[in-house]
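See structure below.
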Amino acid sequence: MSVAIVTDSTSDIEPSRAARLGIGVVPLFVTFGERSYRDHIDLSRGDFYRKLLSESVLPGTSQPTAAMFEEAFAACTGDVLCITISSHLSGTINAARIAASKLTQRRVEIFDSQSASGGLGLMVLRAAELAAQGAAIDSIVAALERVRRAQRLYACIPDLSHLQRTGRIGRAQAAIGTLMRIVPVLSLEEGQVVAKAQVRTFARAQETMLDLVLEGIDDPANARFVIMHANAPELAEANKEHLVERLRGSAALLEVWEAGPVIATHGGPGAVGVCVG
């Protein structure tokens, strides 16, 4: 019996793709005022950006309930492996752990990706691939640990106020970046957002982002890349073209994903990132 794979909606895997691969997805929430919407379910990407322009109150996000994870786990047969957004970015993993503790009749393993969006999505896809091949849960977890150690994710954020407002970077860092017209290249290191480089223009930030993601890749033909964007498809495609040129067309996977409402709430419109792992 194969291992069932569950994740949360910040993995940004297209719902149709997740359904086709048998991946269970538990949604986080996006809140406008007093109204909450389930990520990717009640609120599509298009609806999110329309509301962002029309609503006077900026959105917030919140984690799923333990009951939502419990329902997702109960719908699975056999062992369950749940891969979540970084515990440093969200309390989602705590809800998953509470749910897992209530299902004593089967094994439910919770794995902290220490990543988000395309980084989390790549781990989930890898887990689903191994599960389809009949791998046991411990074998999949060991493979994910290797991916987590090697994976690198970088992002360019044109407006730091979104990250500051949602608590992912400090107020001082956002203010300094704005006043000095510095564009940081952000990275996820051990699940936490850090500034990896600081440059003067958004164009240069994207070049630096690609430089960083390509450092240390010994075997590009077996590397997996995801380019992520928040309502910036042209930027994502341009970065993909530059990456293809520098890779000389060789990569095991190179896809463009649009971030969902929860990730876009933190990054803001126009954000672009790239993950390899």
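Tally Lys and Arg at +1 and Asp and Glu at -1 over the other residues with C-beta under 9 Å from the C-beta of Ile85: what net charge comes out? So the environment of Ile85 carries a net charge of -2. Highest average first, the peptides 250-261, 31-42 ordered by how many other beta carbon atoms sit within 10 Å of their residues are 250-261, 31-42.
Counting 0.36 nm for each residue step from Ala74 to Arg50 and taking away their Cα separation leaves a gain of 5.1 nm. With no solvent and one equal point scatterer per Cα, compute the Debye intensity ratio I(q)/I(0) for the range 87-154 at 0.11, 0.24 Å⁻¹ and report its log10, rounded to two decimals. At q = 0.11, 0.24 Å⁻¹ the computed log10 ratios are -0.29, -1.18. Only aspartates and glutamates eight or more places from Lys240 in sequence, or on another chain, were considered; those with a Cα closer than 12 Å are Glu207, Glu255. Here the spin labels are modelled as points 7 Å beyond Cα on the Cα-Cβ line, and at Arg200 and Glu255 they lie 3.9 nm apart.
Using Cβ point charges alone (K and R +1, D and E -1), the dipole size of the chain about the Cα centre works out to roughly 400 debye. Amide hydrogen proximity for Val183: with H placed 1.01 Å from N in the peptide plane, the residues at 5 or more positions away or on another chain lying under 5 Å are Val199, Arg200, Thr201. Using C-alpha pairs under 8 Å with a sequence gap of at least 6, the mean separation divided by the residue count of the chain gives a relative contact order of 21 percent.
Tell me, in nm to one decimal, what length is gained between Arg35 and Ala150 on full extension, where the rule is 0.36 nm per residue of separation less the Cα-Cα distance?
37.5 nm
How far apart, in nm, are two points set 7 Å out from the Cα along the Cα-to-Cβ line at Ala143 and at Arg106? So the two model labels end up 2.0 nm from each other. Which value does Rg/Rh take for the range 198-277 over its C-alpha atoms, Rh per Kirkwood? We get a ratio of 0.97 for the range 198-277. Computed extension gain for Leu58 through Asp159, at 0.36 nm per residue and net of the alpha carbon distance, reaches 35.0 nm.
Each residue in His266, His242 was given a count of other beta-carbon atoms within 10 angstrom of its own, and listing them fewest first yields His242, His266.
Considering only beta bridges that DSSP places wholly inside the range 189-277, some 50 percent are antiparallel. Amide H contacts for Arg107 (H built 1.01 Å from N in the peptide plane; partners 5 or more residues away or on another chain; cut-off under 5 Å): Val80. If a paramagnetic tag sat 7 Å from the Cα of Glu215 along the Cα-Cβ line, which residues of the range 231-255 would have the backbone N under 19 Å from that point? Output list for this probe position: 243, 246-247. So for the chain: antiparallel DSSP bridges make up what percent, rounded to the nearest 5? The answer is about 60 percent antiparallel.
Bear in mind these aren't lab numbers, they're just calculated from the coordinates by the rules spelled out. Only a predicted model underlies this, so the values are computations on that prediction, with no experimental measurement involved. As a convention, Cβ positions derive from the backbone with ideal geometry for all residues, glycine included, and neighbour counts pool all protein chains shown.
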